[in-house]
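Input: a single structure, listed below in structure tokens.
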Amino acid sequence: MAHRIALIGGDGIGPEVTAEAVKVVRAAGVNIDATEFDLGGSRYLRDGEILSDATLNELRAFDAILLGAVGTPDVPPGVIERGLLLKMRFDLDLYVNQRPFAGTAPGHVTPHDFVVIRENTEGPYVGEGGVLRRGTPHEIATQGSVNSRHGVERCIRYAFELAAKRNRKHVTLVHKTNVLTFAGDLWQRAFNEVAAEFPQVETAYNHVDAACIYFVEDPHRYDVIVTDNLFGDILTDLGGAVSGGIGLASSANLNPARTGPSMFEPSHGSAPDIVGTGKANPTAAILSAALMLEFLGENDAAARIRTACDALPTGSTVEIGNAIAAAVAAN
Ligand code: IPM
Ligand code: MN
């Protein structure tokens with residue numbers, strides 16, 4: 001049976017990279033039934049739709065969503081991010097943002113292989129807070145970090161379940177418990193309690209600032225990292241930078257409870273400066289499609305795509321897509 005995929009190419013290089021991802025998925029012999037959705041900054045400028053409730057409800061009927069990138073310079077920052085990306089993450093309850101990193105960091109000889117599990121529905125992203133006396137010298141802005149026991153615990157449990165299936169079986173909590181004592185305490189207690197359910201999984205804790213040093217100097221210490229929404233956003237850009245660049249950084253926004261579709265997107269943005277030049281590397285989008293296939297149970301195809309991407313073909317967007325598609329079809 002065909003997997004029903006909602007395809008949101010989006011803006012800038014988004015449609016270019018998702019086209020290659022779809023090509024590779026088909027080359028892997030996976031039967032998908034793709035329906036395109038015209039969403040993003042360009043659509044918003046045309047008729048004002050960002051993501052209506054009607055469109056969101058249509059999306060709910062799909063097995064998965066594959067997204068390229070959204071955002072155009074003509075739309076003020078935050079409008080599409082909050083109205084489309086965050087709306088999907090929140091309303092579809094995509095509470096895990098899984099971002100794998102593999103590669104050889106600058107200055108290292110042996111490759112690392114770790115995955116960041118970022119909480120994806122809470123933290124400072126939910127829009128708690130407000131502004132008073134805006135535009136005056138006495139302006140006040142607050143932006144709280146929301147951490148529910150339920151939200152934190154389910155994310156941590158996912159990290160442990162994942163670690164239990166991996167070779168090293170190791171989870172590091174990253175936070176800033178020495179300063180963010182309220183949220184940090186909740187995270188640390190939830191972490192300790194879930195850890196007790198997984199005696200076979202080793203644990204560690206790093207403050208987020210120290211973790212930034214280790215990402216660069218000693219990424220091999222990590223297997224699975226679990227962290228909050230904002231720390232995870234920042235750390236995963238750093239993870240991309242030490243793992244071959246953002247052109248390789250894939251990402252899965254998961255609803256592990258499977259009460260609706262999960263969404264898969266490269267970590268990079270819409271890069272309007274290189275649109276149409278063929279300079280966009282489609283590998284991150286292709287690896288995101290591999291994460292999608294794995295989530296849909298197509299483990300063999302996902303593994304074959306990853307192996308083909310390991311060869312790191314170079315060239316234009318289409319040449320890289322063709323090279324990976326050919327390698328996938330042959331193995
Ligand atoms: C990401 C992006 C988004 C985030 C933005 C575009 C809202 O940076 O997926 O990492 O901060 O989560
Ligand atoms: Mn980010």
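Counting only heavy atoms of protein chains, what accessible area per residue, in Å², does the chain have with a probe of 1.4 Å?
About 43 Å² of surface per residue is accessible.
Counting Lys +1, Arg +1, Asp -1, Glu -1, what net charge surrounds residue 216 among other residues with beta carbon under 15 Å of its beta carbon?
-3
Summing Lys, Arg as +1 and Asp, Glu as -1, what charge do residues with Cβ under 11 Å from the Cβ of residue 96 carry, residue 96 excluded? Don't skip to the end; give the middle numbers.
On the way: positive: 89, 99, 118, 154, 157; negative: 93, 119, 161.
Charge balance in the 11 Å sphere: +2.
Provide 93, 228, 273 ordered by accessible surface of protein heavy atoms (probe 1.4 Å), highest first.
Numbers: 93 50, 228 10, 273 130 Å².
So, going from the largest accessible area down, we get 273, 93, 228.
With +1 on the Cβ of every Lys and Arg and -1 on the Cβ of every Asp and Glu, and nothing else charged, how large is the dipole of segment 198-319 about its Cα centre, in debye rounded to the nearest 20?
Dipole about the Cα centre, nearest 20: 300 debye.
When the helix-only estimate is applied to the chain (DSSP H runs of n ≥ 4, each -39,500 (n - 2.57), divided by the residue count), what is the mean residue ellipticity at 222 nm, nearest 500 deg cm²/dmol?
Value at 222 nm, helices only: -12000 deg cm²/dmol.
Say R0 is 41 Å: what FRET efficiency, to the nearest 0.05, do residue 200 and residue 109 get from their beta-carbon distance? Please report the intermediate quantities before stating the final value.
On the way: r = 30 Å, r/R0 = 0.74.
With R0 = 41 Å, the Cβ-Cβ based efficiency is 0.85.
Tell me the accessible surface of residue 7 in square angstrom (1.4 angstrom probe, heavy atoms of protein chains only), to the nearest ten.
It works out to around 20 Å².
Ordering 153, 81 by accessible area with a probe of 1.4 Å, largest first, what comes out?
81, 153
Counting alpha carbon pairs within less than 8 Å and at least 6 residues apart, what relative contact order, in whole percent, applies to the chain?
Relative contact order, the chain: 25 percent.
Relative contact order for segment 92-134 using alpha-carbon pairs under 8 Å, separation at least 6, rounded to a whole percent? Write down the numbers at each step before the final one.
Working: 45 pairs, mean separation 16.6, N = 43.
Contact order relative to length: 39 percent.
Report residue 122's accessible area, 1.4 Å probe, all protein chains in place, as a number in Å² to the nearest 10.
Per-residue accessible area (residue 122): approximately 20 Å².
Report the local net charge at residue 16: Lys and Arg +1, Asp and Glu -1, summed over other residues whose C-beta lies under 15 Å from its C-beta. Write down the numbers at each step before the final one.
Working: positive: 23, 279; negative: 11, 20, 36, 265, 273, 319.
Cβ neighbours under 15 Å give a net charge of -4.
Taking every pair of alpha-carbon atoms in segment 103-199, give the share separated by more than 17 Å as a whole percent.
More than 17 Å apart: 63 percent of the Cα pairs in segment 103-199.
Got the relative contact order for segment 196-267 handy, in percent, Cα pairs under 8 Å and 6 or more residues apart?
On the way: 35 pairs, mean separation 14.9, N = 72.
Averaging sequence separation for qualifying contacts and normalising by length gives 21 percent for segment 196-267.
The values are calculated or read from the model by the stated rules, or taken from the named source; none is laboratory data. The model shown is predicted, which means the values in this text are computed figures rather than measured ones. Reconstructed Cβ throughout: ideal geometry from the backbone, glycine too, with neighbour counts over all protein chains shown. Accessible surface areas use protein heavy atoms only, side chains included; no ligands, DNA or RNA. Shrake-Rupley method; radii C 1.70, N 1.55, O 1.52, S 1.80 Å.
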